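The numbers here are math on the coordinates, done by the rules we state, and not lab data. Source: prediction; values computed, not measured. Here the Cβ positions follow ideal geometry from the backbone for every residue, glycine too, while neighbour counts run over all protein chains shown.
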Amino acid sequence: MRFHDNIFAFFFLASICQHVHGARQGIRPKEKMTTSEEVQNWKRTIYKSIVEIVTPTVIAGVTFSAKPEETPNPLKPWVSLGHDGKAKTIKPKIDKGQTKKGTPDYSTYFKTASAHTYSYDELKAHNMDPNEVFEEVEFIDEDDTYVSLNPIIRCTPHNYFFKGFAKDISSEPFCTPYHTSRWKVGETYFVTWYTRFFEHEHSGEVADEVRVHLSYVKESYADKGNYKRDVKGAFFSYDWIKNVDGLQAVEVKEDWLQGEFERSIVVSVQPRYIPEDEFDPLQNGVVLHITKGSRVFKPTKEQLALDEAGITNGQWYYVALSIPTVVVIFFVFMYFFLYANGNNRDFTDVTRNALNKKRRVLGKFSEMKRFKNMKNHKYTELPSYKKTSKQN
């Protein structure tokens, strides 16, 4: 066989192999981009003259105190929170000339209102009477020296949710997590609250420091109402932190479950001006569940309604067992009642009245509407026939 014949045969066999069912060309896997880049410290000047070195911190994939961009970017991603307090990145976009999902606008929630009164001599306005007084309310921006380094959405009353069976109880001061949320072991969640909620009733000053507590909640029906109402009963308490950011990162530990698959806890925030012996973790706390992982089954609407109403598994068993017990007691009571009144049962009057209601007098047929137009012949006018011989 000649050389060019061998080449032809080789290409022919190669084309056949490419069309064999199930055969495909090898695909080189995409190279994964890796980087050893670490978050670097950076310096800045605050309050016009104070030089400060800032150390960024990464928590649950979120970088706090990162160096801001030299040119502000309106499409810069920001961090929002799910109902359970899990961080999620939001990327703004421009749609028809408008920015969608942009950085949150906090309105005047973190501004301080200041009222000013001006007389005519101070303003000398051309449309102002000499005896007139002008009042103006000015909103002063807060000091954002450190607040601006927090990339997570801040909690405001606008983001409160409603809890309770009728969904009519405000979640103040919390925005996350939602009531009856589920936290998984090993995951990190953010507890957020409205910082200006913790305002001293006498001085009017907002708390400078707060402390987050985690306490167990009794679930059995027998222990209902016996919740631990002091800080000493908390199984975990964080250190005092600045209230200005209004958030606390919580990493769920497995030993918090104490060997169980799921436990209910209450999250509460204690301001510095409330002593530990006077602080009630249930007054403004949020109840949620910590679990080892996802269950096989999905909670039904009925189960979620029971959780919202505070009826736990132990309580539901008591309610379910009480139903047949009530039915049995009812039938036993009816048996003895009928047995005791056996000689006094006479239903003839009831039966007679019922039968009399069924006996109705119809009246004459000629007076009935449906028979008025019918021609009724007498019996004597009916046709008659004589018998023939064959019939005899």
*Would you mind putting 49-55, 89-95 in packing order, based on average other-beta-carbon counts within 10 Å, highest first?*
89-95, 49-55
_Modelling each spin label as a point 7 Å along the Cα-to-Cβ direction, I'd like the Asp255/Lys48 distance in nm, to one decimal._
5.1
*How much length is gained if the chain between Val326 and Ile90 is pulled fully straight, taking 0.36 nm per residue apart and subtracting their Cα-Cα distance, in nm to one decimal?*
79.5 nm
*asked:* Suppose the Debye formula is applied to equal point scatterers at every Cα of region 42-311; what is log10 I(q)/I(0) at q = 0.14, 0.15 Å⁻¹?
replied: -1.12, -1.24
*Work out from phi, with θ = phi - 60° and the Karplus expression 6.51 cos²θ - 1.76 cosθ + 1.60, the ³J(HN,Hα) of each residue of region 143-159, listed in order in whole Hz, and give x for Gly and Pro.*
6, 9, 4, 10, 5, 5, 8, 8, x, 8, 4, 8, 7, 9, x, 5, 9
_5 angstrom amide H check on Asp84, placed H, neighbours 5+ away_ = Tyr178
